[in-house]
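Trainee: I have a structure here, written as structure tokens, and I will follow up with some questions on it.
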Amino acid sequence: MSRKYRITRVDITGATPYLGHGRQGAPVWSKDPDRVMGWLCDAWRFRFNQHRSQRSRYLIGTHAPDGLLEPLGNMDTRNNRETREDYEWTSAVPDLILLSPWMMERKEWFAAVKRRDTNLKHGRKPGRMPGFKRRKQGRRFTCLNNHGKGYKVVVFNRKHAMVVIGGVNPKQHRPDGARFRICIHFRLSRPVLDSTSIHVDWTRRTISFTHPNPPRPHTPTGAATGIDVGSVHEAALSDGRLLDLPKERIRYVDKRINALQRAQARCVRESPYDDAGDYLKHGASNRYRRLGRRIRDLNAYRMRLIVDRQHKISGMIVDEHDLIVMEALQTANMTRRPKPKPDPDRPDHWLPNGRNAKRGLNKGMREAALSRFRSMIEYKAREAGVTFLTVNPAYTSQTCSRCGHMAKENRESQAVFHCRSCGYEGNADVNAAVNILTKGLGTPDMDPVENTLSGRDTSETRNRSIRPSTGQAEPTAVSSRRETTVVPGNTR
């Protein structure tokens, strides 16, 4: 978990940092904040690429176990000491900034390997493996804490704080002293917790603190809820509440993005080139690039709107309930393209297969980000000691929550449920949420009389490749709250 803050300014105190030799071969010292921060970002990216050069990837079109491996580039096996000796411009970089690329590179690489194996296991394209870091991807660096040796956090007041990173110039380059300090001031929008590392994005002028999830305070309420998720309503609770994303604002942002994309298309259309590929190859105009930056900013703003709303909804659900039951949806399978239908009477012709309608449904489901919403509820429930279960969603939207009659005709539309047996009418999503809760209460881990946990411990791990059978729940969180406390970090 991380918390991000806005950088206000950077000060360099103490000795002047040694940045290496210039183009004329003369040593360079500087206290210019932008130059010093760029120097740290370049050193971190250089060390990261040294570790990445030791990796090998499969040739295009091949995969394990019969795939052929090729190195990503010229292998560089230098350690930190050898790197400082061979590349003198990195000799004054703080130690824990040069140590962090090894950890970050391993984490990124093995995450990509696991994702590749998962895609191959489910019959999807394996995807590309990560490559070298490039400067145009953004200027950033990471510094480890190591019990306060990497950096210190100083809080001045409720709105202002700073991070202090210390460094030492090499012995042969100390005109005005050895030790220098890089003071990164940031706006204290919320308290800084005990962190394990910081991540500085100098391109966007932000600093992020990585820290373990703190325990979530929770007052037992004795309430249980079932949750039905979808593309129309983000969540429908079994008590009848419908929780939605800020769709009006999202649609407004979408219109602005579409207008800017049309303006970009006009830039290409009015140029002497045939398509956007040739246009970008020969150098896009400043207006085209400016429009692209505005589109990226709006897309990021749109994503923040959705994630912020999901955090608020998931937090509210966890705070108000002691038992949460959700449907174990396989979103990757649900968003697949429909299979084409060949016309038996006309070769090389195809019958309508509902592709356009499916495309709209897939877009809505990707916008709702159902898997991310489920993971938010899951980890917040785990930190609060709330029991979280998942059940098989089969036929929950076609079964009457009053009499149990199941028929496809019960669901008249997306929002209307009308039982053909007992005549019950209601919202289809709320009816499904009630059925989901009923399935969760009927699991072996629940006492069928008291509708409470039977005391049998449930596992915190889950095998995502196995879908539970009908009526079988999948426990994913323990019922007892963890006995952990939050200890203030290096703030003072």
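The values are calculated or read from the model by the stated rules, or taken from the named source; none is laboratory data. No experiment lies behind these values; they were computed from the predicted model shown. Neighbour counts run over all protein chains shown; Cβ positions are idealised from the backbone, glycine included.
Trainee: Just checking, which of W109, W89 is in the same structural domain as D11 (by TED's automatic domain parsing) and under 30 Å from H21 (Cα atoms)? Give the steps one after another, and end with the answer.
Mentor: Values: W109 fails: under 30 Å from H21 (Cα atoms).
Result of the check over W109, W89: W89.
Trainee: Do we have I295 as among the β-branched types (V, I, T), within 30 Å of N119 (Cβ to Cβ) and in contact (Cβ under 8 Å) with a residue 60 or more places away in the chain here? Give the derivation first.
Mentor: Numbers: among the β-branched types (V, I, T): yes; within 30 Å of N119 (Cβ to Cβ): yes; in contact (Cβ under 8 Å) with a residue 60 or more places away in the chain: no.
Spelling it out, it is not the case that I295 is among the β-branched types (V, I, T), within 30 Å of N119 (Cβ to Cβ) and in contact (Cβ under 8 Å) with a residue 60 or more places away in the chain.
Trainee: Pick out, from the range 197-297, the strands (runs of 3 or more DSSP E) lying fully within it that include 2 or more residues that are of a type outside the set (A, V, I, L, M, F, W, C). Walk me through it before giving the result.
Mentor: On the way: elements: 197-201, 206-210, 224-228, 235-237.
So the answer is 197-201, 206-210, 224-228.
Trainee: Based on this model, can you work out whether L68 counts as assigned by TED's automatic domain parsing to the domain that holds L188 and closer than 30 Å to R124 by Cβ?
Mentor: Working: assigned by TED's automatic domain parsing to the domain that holds L188: yes; closer than 30 Å to R124 by Cβ: yes.
Criteria met by L68.
Trainee: Please go through the range 397-413 and pick out each residue that is in contact with an Asp or Glu (Cβ under 8 Å, 6 or more places away or on another chain) and either acidic (D, E) or surrounded by fewer than 16 Cβ atoms within 10 Å (Cβ to Cβ) (or both).
Mentor: Step one: list which residues in the range 397-413 are in contact with an Asp or Glu (Cβ under 8 Å, 6 or more places away or on another chain), which gives 397.
If the condition is that a residue be in contact with an Asp or Glu (Cβ under 8 Å, 6 or more places away or on another chain) and either acidic (D, E) or surrounded by fewer than 16 Cβ atoms within 10 Å (Cβ to Cβ) (or both), then no residue fits.
Trainee: Turning to a different aspect of this structure: For the range 67-76, indicate whether the set of residues that are modelled with pLDDT of 90 or more and outside any strand (DSSP E or B) is non-empty. Talk me through it step by step, then tell me what you get.
Mentor: Of the range 67-76, the ones modelled with pLDDT of 90 or more are none.
Within the range 67-76 (the criterion being modelled with pLDDT of 90 or more and outside any strand (DSSP E or B)), the answer is no, since none of the residues qualifies.
Trainee: From R216, R135, R140, grab the single residue that is closer than 27 Å to E85 by Cβ and either surrounded by 16 or more Cβ atoms within 10 Å (Cβ to Cβ) or at pLDDT 95 or above (or both). Lay out the reasoning, then the answer.
Mentor: On the way: R216 fails: closer than 27 Å to E85 by Cβ; R135 fails: either surrounded by 16 or more Cβ atoms within 10 Å (Cβ to Cβ) or at pLDDT 95 or above (or both).
Among R216, R135, R140, only R140 is closer than 27 Å to E85 by Cβ and either surrounded by 16 or more Cβ atoms within 10 Å (Cβ to Cβ) or at pLDDT 95 or above (or both).
Trainee: Restricting to the range 16-43, what's the tally of residues that are assigned to a strand (DSSP E or B), within 35 Å of the chain's Cα centre (by Cα) and of a type outside the set (A, V, I, L, M)?
Mentor: Restricting attention to the range 16-43, the residues satisfying the condition of being assigned to a strand (DSSP E or B) are 18-21, 27-29.
Of the ones still in play, those that are also within 35 Å of the chain's Cα centre (by Cα) are 19.
Retained after the next criterion (residues that are of a type outside the set (A, V, I, L, M)): none.
Residues flagged as assigned to a strand (DSSP E or B), within 35 Å of the chain's Cα centre (by Cα) and of a type outside the set (A, V, I, L, M) within the range 16-43 amount to 0.
Trainee: How do the strands (runs of 3 or more DSSP E) wholly within the range 353-463 filter down when requiring 2 or more residues that are at pLDDT 85 or above, in the same structural domain as I324 (by TED's automatic domain parsing) and farther than 24 Å from D319 by Cβ: which remain? Spell out how you get there, then give the answer.
Mentor: Numbers: elements: 387-391, 416-418, 425-427.
So the answer is 416-418, 425-427.
Trainee: Answer with yes or no whether H321 is assigned by TED's automatic domain parsing to the domain that holds T387 and surrounded by 13 or more Cβ atoms within 10 Å (Cβ to Cβ).
Mentor: Values: assigned by TED's automatic domain parsing to the domain that holds T387: yes; surrounded by 13 or more Cβ atoms within 10 Å (Cβ to Cβ): yes.
In short, yes.
Trainee: Of everything in the range 91-132 that's among the aromatic types (F, W, Y) and part of a helix (DSSP H, G or I), which residue is surrounded by the fewest Cβ atoms within 10 Å (Cβ to Cβ)?
Mentor: Restricting to residues being among the aromatic types (F, W, Y) and part of a helix (DSSP H, G or I), the top hit is F110.
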